[in-house]
Amino acid sequence: SAVISQKPSRDICQRGTSLTIQCQVDSQVTMMFWYRQQPGQSLTLIATANQGSEATYESGFVIDKFPISRPNLTFSTLTVSNMSPEDSSIYLCSVSATGELFFGEGSRLTVL
Amino acid sequence: EDQVTQSPEALRLQEGESSSLNCSYTVSGLRGLFWYRQDPGKGPEFLFTLYSAGEEKEKERLKATLTKKESFLHITAPKPEDSATYLCAVTGSSNTGKLIFGQGTTLQVKP
């Protein structure tokens, strides 16, 4: 398994601001994923982040809104830019290890 | 298009009352079907991966089975601590590493 730490665990943000979420893994992993879980909903993949290349975004998600960095094999960041109340969600980092997908505890963002 | 549908949306059981959760899927070239448990305010906790029809896996009171069209999560003699949302997800040959999640089944077990 993999141990995944996310920061912040929760935050309250003002409309129009941006917030960067950090994801740290205790081992080197090739693929890291960012998911969003809106209130009462299931998980939706935002993008796949591989070290050394640009992130691959899913339909409905764009780099200008959700820029991602992947500077090494144990760390990634997701920025939620120019936030609106519709961005209030839990953002989850996940990694693929030993054929399984493991998740962090998530970052709960509330946008006022 | 890959798709996952879970039923029921919510399930209430008495402690000790066994039941099953269903996960129906449509995916091109199934690579794996995953079951997760999610407690409120927490990230999903990995339970099982199933790779081919006929495969079964067990963990304590949980047993997951897989056919070519659906998976079941059987809960035997559940306890209140089994209360959680159970998520099913699949990955296919066209989406390596990417999971398509169902909406989940929220299970409540009353003592």
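The values are calculated or read from the model by the stated rules, or taken from the named source; none is laboratory data. If you're wondering where the values come from, they're calculated on a predicted model, not measured in any experiment. We place every Cβ from the backbone using ideal geometry, glycine too, and count neighbours over all the protein chains shown. We work out accessible area using only protein heavy atoms, side chains counted, and drop any ligands, DNA or RNA first. Shrake-Rupley method; radii C 1.70, N 1.55, O 1.52, S 1.80 Å.
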Residue that is most open to solvent (accessible area, probe 1.4 Å), among those in segment A:56-79 that are part of a loop (DSSP other than H, G, I, E, B) and over 18 Å from B:Ile100 (Cα atoms): A:Asp64
Residue that is touching a strand residue (DSSP E or B) at 6+ places or on another chain (Cβ under 9 Å), among the charged types (D, E, K, R) and in contact (Cβ under 8 Å) with a residue 60 or more places away in the chain, where the choices are A:Glu105, A:Glu86: A:Glu105
Which numbered condition B:Ser94 misses (of (1) touching a residue at least 12 places away in the same chain (Cβ under 8 Å); (2) crowded, with 18+ Cβ neighbours inside 10 Å; (3) within 14 Å of another protein chain (Cβ to nearest Cβ)): (2)
Segment A:85-112, residues that are within 10 Å of the chain's Cα centre (by Cα) and either open to solvent by less than 20 Å² (accessible area, probe 1.4 Å) or facing chain B (nearest Cβ under 7 Å) (or both): A:Tyr91, A:Leu92, A:Cys93, A:Ser94, A:Gly104, A:Gly106, A:Ser107
Qualifying residue in segment B:15-32 (condition: within 30 Å of A:Arg10 (Cα to Cα) and either out of contact with any Cys (no Cβ under 6 Å at 6 or more places or on another chain) or open to solvent by less than 70 Å² (accessible area, probe 1.4 Å) (or both)): no
Matching residues in segment B:1-29 - criterion: being more than 14 Å from every other protein chain (Cβ to nearest Cβ), hydrophobic (A, V, I, L, M, F, W, C) and closer than 15 Å to B:Ile100 by Cα: B:Val27
Residue count for segment B:48-61, restricted to those that are open to solvent by 20 Å² or more (accessible area, probe 1.4 Å) and either under 29 Å from A:Arg108 (Cα atoms) or aliphatic (A, V, I, L, M) (or both): 1
Candidates A:Val111, A:Val80, A:Val95 - the one that is among the aliphatic types (A, V, I, L, M) and more than 24 Å from A:Ile12 (Cβ to Cβ): A:Val95
Test: residue in segment B:63-70 that is within 14 Å of chain A (Cβ to nearest Cβ) and either in contact (Cβ under 8 Å) with a residue 40 or more places away in the chain or open to solvent by 10 Å² or more (accessible area, probe 1.4 Å) (or both): no
Cβ pairs under 7 Å, 6+ apart, first in segment B:40-60 and within 11 Å of chain A (Cβ to nearest Cβ) and within 17 Å of A:Ile90 (Cβ to Cβ), second open to solvent by 70 Å² or more (accessible area, probe 1.4 Å) and not basic (Lys, Arg): B:Lys42/A:Glu105; B:Gly43/A:Glu105
A:Pro39, sole failed condition from (1) within 13 Å of chain B (Cβ to nearest Cβ); (2) part of a strand (DSSP E or B); (3) open to solvent by 10 Å² or more (accessible area, probe 1.4 Å); (4) of a type outside the set (Asp, Glu): (2)
Qualifying residue in segment A:3-19 (condition: open to solvent by 60 Å² or more (accessible area, probe 1.4 Å), modelled with pLDDT under 90, small (Gly, Ala, Ser) and not in a strand (DSSP E or B)): no
Residue that is nearest to A:Ser107 (Cα to Cα), among those in segment A:21-36 that are under 10 Å from the mean Cα position of the chain (by Cα) and open to solvent by less than 20 Å² (accessible area, probe 1.4 Å): A:Ile21
Unmet criterion (only one of (1) away from chain A (no Cβ under 11 Å); (2) buried (at least 17 other Cβ atoms within 10 Å of the Cβ); (3) more than 20 Å from A:Thr98 (Cβ to Cβ); (4) at pLDDT below 95) for B:Ile100: (1)
